[in-house]
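The values are calculated or read from the model by the stated rules, or taken from the named source; none is laboratory data. All of these numbers come straight from a predicted model, not from anything done at the bench. Heads up, the Cβs are rebuilt from the backbone with ideal geometry, glycines too, and the neighbour counts pull from every protein chain shown. In case anyone asks, the SASA skips ligands and DNA or RNA and just uses the protein heavy atoms, side chains included. Shrake-Rupley method; radii C 1.70, N 1.55, O 1.52, S 1.80 Å.
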Amino acid sequence: MDFQLSPRQTELIDAARDIARRKLLPLTADHSVEGVRRLRRALAEHGLLGLDIGEEHGGAGLPLLDTLLIIQTLQEEAPELGALAHRSSTGAIGAIRHHGTEAQKSRFLTGVAKGELGVAIGITEPEAGSAATAMTTRAEIDGDHVVLNGRKQFVSFVQHTEYTVVYCRFGRTGKARDIGAVIVPHDSPGFSRSAGTLNMADELQFELFFDDCRVPRDLVLLDGNAFGKLISVYNAERLGSIARMLGNAAFAYRFALDYAGQRRQFNRPISDFQGVQWMLADMRVRLDAATLLVWRAAANAGTGLPRRDETSIAKLFVAEAAKRICDDAIQIAGANGYMKDYPLARRYAETRGGSIYGGTLQIHRNMLASEILGREISQWKRADAPAP
């Protein structure tokens, strides 16, 4: 078992970091719609979008581990870069890569890899958060179209994408087997979105509304009995998000290490104090352990999909470790670290979201317990349970 990166992987990381610093960082300051599209095109020009999309569709055709290494590297350099690399690789586009028709793959995978379009994902609803299968957004086939009615919330990056993969029900049994997905263009009749609400990291998240929303039938991705398939692909998206958390943690650790060597109190650098030394040592331990868990899940997946248990283990440890690393970095930087003029506040706020999105830590513990015990553990209240 080799715990070292290959020369090729090291080259990929170095190349991504070099391109980010020389070409891309100056473009990250413009957060307007056109600014993000400009950055998206620049990433595509340098081969940093569609990292795990096959070369036949304009992507780099990298295995999952190599994809995550580049996402983490770009996230370390700037969250804007990590976000675009993730969303064009391990993001919603993965559902199309694994389950789309050849026509859908040609259209969307190629478009994403070239930086011509972006795809968001809509799963959560007001009454369907952790209980995702409680979703009520419905799709009905009507000739050459599919008609959607319902609502999604907490959808990210909608202002910078042209499509959303919407999880919805094609049947009326109320069971998970009804669930499929439709690729919804944002200019579809009957589609609308909210103005967006800011989260802790100052990122907009949107509500999506479908009022007899008509979409061409050829944009149906899966027409039911597909929740398990969609969630299997979503494990790769989870690892992409985890790689971004690792990138934030690595940045925070480096920042704290540099700061501790430069900041002086009592006529010496604060890195001379044992309290700070122990914090740095613990940060390094957490970072290394978190990294190895992500590498394991990705390496075992190869060019396929990661295992559910290894994904949950990585998610649980990385979310908590990265959050603690970012928090300790703020503590080492003191009042400066607490200021938004310093970069640590944003890194912490982004990382804090990782304990919620992609399945809360509590849900992942439930999922892992199912794997450990070898049986499904339902959180639904039994119909015959006594009323409280």
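Details
- Number of positions in the stretch 85-103 that are among the hydrophobic types (A, V, I, L, M, F, W, C) and free of Cβ contacts under 8 Å to residues at least 60 places away in the same chain: 2
- Positions within the stretch 184-194 being out of contact with any Ser or Thr (no Cβ under 8 Å at 6 or more places or on another chain), in a strand (DSSP E or B) and of a type outside the set (Gly, Ala, Ser), in sequence order: Pro185, Phe191, Arg193
- Residues in the stretch 69-100 that are of a type in the set (Gly, Ala, Ser) and either under 25 Å from Ser6 (Cβ atoms) or over 10 Å from the mean Cα position of the chain (by Cα) (or both): Ala78, Gly82, Ala85, Ser88, Ser89, Gly94, Ala95, Gly100.
- Scanning the stretch 110-130 for residues that are modelled with pLDDT under 95, open to solvent by less than 10 Å² (accessible area, probe 1.4 Å) and under 18 Å from the mean Cα position of the chain (by Cα) gives no hits.
- Failed item, numbered, when Asp212 is tested on (1) within 24 Å of Ala131 (Cα to Cα); (2) open to solvent by 40 Å² or more (accessible area, probe 1.4 Å); (3) over 21 Å from the mean Cα position of the chain (by Cα); (4) not small (Gly, Ala, Ser): (1)
- Identity of the residue in the stretch 255-268, part of a helix (DSSP H, G or I) and either open to solvent by less than 40 Å² (accessible area, probe 1.4 Å) or free of Cβ contacts under 8 Å to residues at least 40 places away in the same chain (or both), that ends up farthest from Ala281 (Cα to Cα): Gln262
- Restricting the stretch 300-312 to residues that are polar (S, T, N, Q) and assigned to a helix (DSSP H, G or I), the residue that is farthest from the chain's Cα centre (by Cα): Asn300
- Failed criterion for Leu198 (all others in (1) buried (at least 18 other Cβ atoms within 10 Å of the Cβ); (2) under 21 Å from the mean Cα position of the chain (by Cα) hold): (1)
- Some residue of the stretch 371-385 being among the charged types (D, E, K, R) and in contact (Cβ under 8 Å) with a residue 60 or more places away in the chain: yes
- Residues of the stretch 269-299 satisfying the condition of being of a type in the set (Asp, Glu) and either outside any helix (DSSP H, G or I) or touching a residue at least 40 places away in the same chain (Cβ under 8 Å) (or both): Asp282
- Residue in the stretch 76-93 that is at pLDDT 95 or above, farther than 16 Å from Leu305 by Cβ and touching a strand residue (DSSP E or B) at 6+ places or on another chain (Cβ under 6 Å) present: no
- If you go through the stretch 302-336 and pick out every residue that is closer than 26 Å to Ala95 by Cβ, small (Gly, Ala, Ser) and modelled with pLDDT of 95 or more, you end up with 4.
- Residue ID - farthest from Ala243 (Cα to Cα), chosen from residues in the stretch 340-349 that are in contact (Cβ under 8 Å) with a residue 40 or more places away in the chain and open to solvent by less than 30 Å² (accessible area, probe 1.4 Å): Leu344
- Test result for Gly302, on the phi > 0 side of the Ramachandran plot and surrounded by fewer than 20 Cβ atoms within 10 Å (Cβ to Cβ): yes
- All positions within the stretch 26-54 that are surrounded by 15 or more Cβ atoms within 10 Å (Cβ to Cβ) and of a type in the set (A, V, I, L, M, F, W, C): Leu27, Val36, Leu39, Ala42, Leu43, Ala44, Leu48, Leu49, Leu51, Ile53
- Counted residues, the stretch 1-41 - those being more than 16 Å from Ser88 (Cβ to Cβ) and not in a helix (DSSP H, G or I): 10
- Scanning the stretch 350-359 finds one or more residues that are acidic (Asp, Glu), open to solvent by less than 50 Å² (accessible area, probe 1.4 Å) and not in a loop (DSSP other than H, G, I, E, B).
- Within the stretch 131-175, the set of residues being part of a strand (DSSP E or B), β-branched (Val, Ile, Thr) and open to solvent by 60 Å² or more (accessible area, probe 1.4 Å) comprises just one member, Ile141.
- Residues in the stretch 329-345 that are among the hydrophobic types (A, V, I, L, M, F, W, C) and either touching an Asp or Glu at 6+ places or on another chain (Cβ under 7 Å) or in a helix (DSSP H, G or I) (or both): Ala329, Ile330, Ile332, Ala333, Ala335, Leu344, Ala345.
- When residues in the stretch 269-285 are screened for being in contact with a Phe, Trp or Tyr (Cβ under 9 Å, 6 or more places away or on another chain) and open to solvent by 60 Å² or more (accessible area, probe 1.4 Å), 2 of them pass.
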